[in-house]
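The values are calculated or read from the model by the stated rules, or taken from the named source; none is laboratory data. It should be emphasised that the depicted structure is a prediction, and the values quoted were computed from it without experimental measurement. Cβ atoms come from the backbone with ideal geometry, glycine included; neighbour counts cover every protein chain shown.
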Amino acid sequence: MHPDHQQLLEELERLAPPPDRRPPANYLGQGAHPLFGVPVPAKRALARAWATAHRAGSPETVLAVVESLFDGAGYDEKTLASLILGQHRAAREAVRPDDVRRWLGGLVGWAEIDHLCQNLFPASQMLADWPAWGGMIAGLASDPAISRRRASLVLLTGPVKASDDARLAELAFANVAALEAERDILITKAVSWLLRALTARRPEAVAAYLDAHARTLPPIALREVRAKLITGRKTARAPA
């Protein structure tokens with residue numbers, strides 16, 4: 001364990017509510033990973049303070065702490081690692097696809113996955129080394145672990161919304177097609193999420209995809225994405 005990891009862990013324990021007020025086991029889908037239940041704003045403030053104090057440090061120095069946190073036993077450590085990356089641009093920009101794939105190996109459930117995969121790595125970073133990033137994300141869609149199959153969808157939600165690059169959209173549609181028959185909520189909700197993100201720049205393509213895949217897409221995805229296309233929201237507005 002990195003010495004800074006140990007200090008951050010002690011701070012997480014200090015910020016945690018008493019054991020009898022913590023969320024129940026597997027509350028966030030984190031399986032056997034211990035959960036302190038540190039409030040997200042407090043954990044985000046801790047990440048911001050630590051990243052600010054280490055702003056002048058090299059990306060490698062920061063990533064050594066991030067690596068140690070991802071290797072930690074608990075949910076709060078693993079999600080703090082992602083929050084630190086979000087607060088330290090130089091370290092985040094130094095992350096490579098192999099790093100993400102390795103870190104995903106220790107994450108389970110929707111919350112740990114989404115902390116790492118949602119809007120952390122922008123389109124520009126992926127496109128700068130597309131063969132590596134695209135290959136890694138495509139491979140996740142066939143991973144035996146459902147959490148990492150979810151990651152293959154969530155990693156693309158921000159980039160397809162921010163960029164017109166066809167490579168991102170093509171991979172997004174391909175990963176949706178590979179996973180749309182699954183009915184676990186970890187996948188069905190992520191399928192809907194990614195298709196809704198695609199509507200920002202490719203509404204016609206999404207509409208055509210819904211028509212062509214209506215029999216295999218999860219019902220929740222059909223409902224939410226159609227509502228998004230019509231109303232701009234994932235749920236239809238109530239009548240006036």
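General remarks:
- Sole residue being aliphatic (A, V, I, L, M), assigned to a helix (DSSP H, G or I) and assigned by TED's automatic domain parsing to the domain that holds LEU195, chosen from ALA81, ALA64, ALA111, ALA132: ALA132
- Among all residues of the stretch 17-35, there is none that is more than 15 Å from the chain's Cα centre (by Cα), in a helix (DSSP H, G or I) and closer than 30 Å to GLY139 by Cβ.
- Flag if LEU80 is under 17 Å from the mean Cα position of the chain (by Cα) and farther than 20 Å from PRO17 by Cα: no
- The residue pairs whose first member lies in the stretch 84-99 and is free of Cβ contacts under 8 Å to residues at least 60 places away in the same chain and closer than 13 Å to GLU67 by Cβ, whose second member is crowded, with 16+ Cβ neighbours inside 10 Å and not aliphatic (A, V, I, L, M), and whose beta carbons are closer than 6 Å, counting only pairs six or more residues apart or on different chains, are LEU85/ARG92; ALA91/PRO59; ALA94/PRO59.
- The stretch 3-20 residues that are assigned by TED's automatic domain parsing to the domain that holds GLU67, paired with ones that are at pLDDT below 95 and among the charged types (D, E, K, R) (beta carbon under 8 Å, 6 or more apart): ALA16/ARG22
- Helices (runs of 4 or more DSSP H) completely within the stretch 146-240 that count 1 or more residues being in contact with a helix residue (DSSP H, G or I) (Cβ under 6 Å, 6 or more places away or on another chain) and within 30 Å of GLY106 (Cβ to Cβ): 146-162, 166-179, 185-198, 219-231
- Residue in the stretch 163-170 that is exposed (fewer than 15 other Cβ atoms within 10 Å of the Cβ) and within 12 Å of the chain's Cα centre (by Cα) present: no
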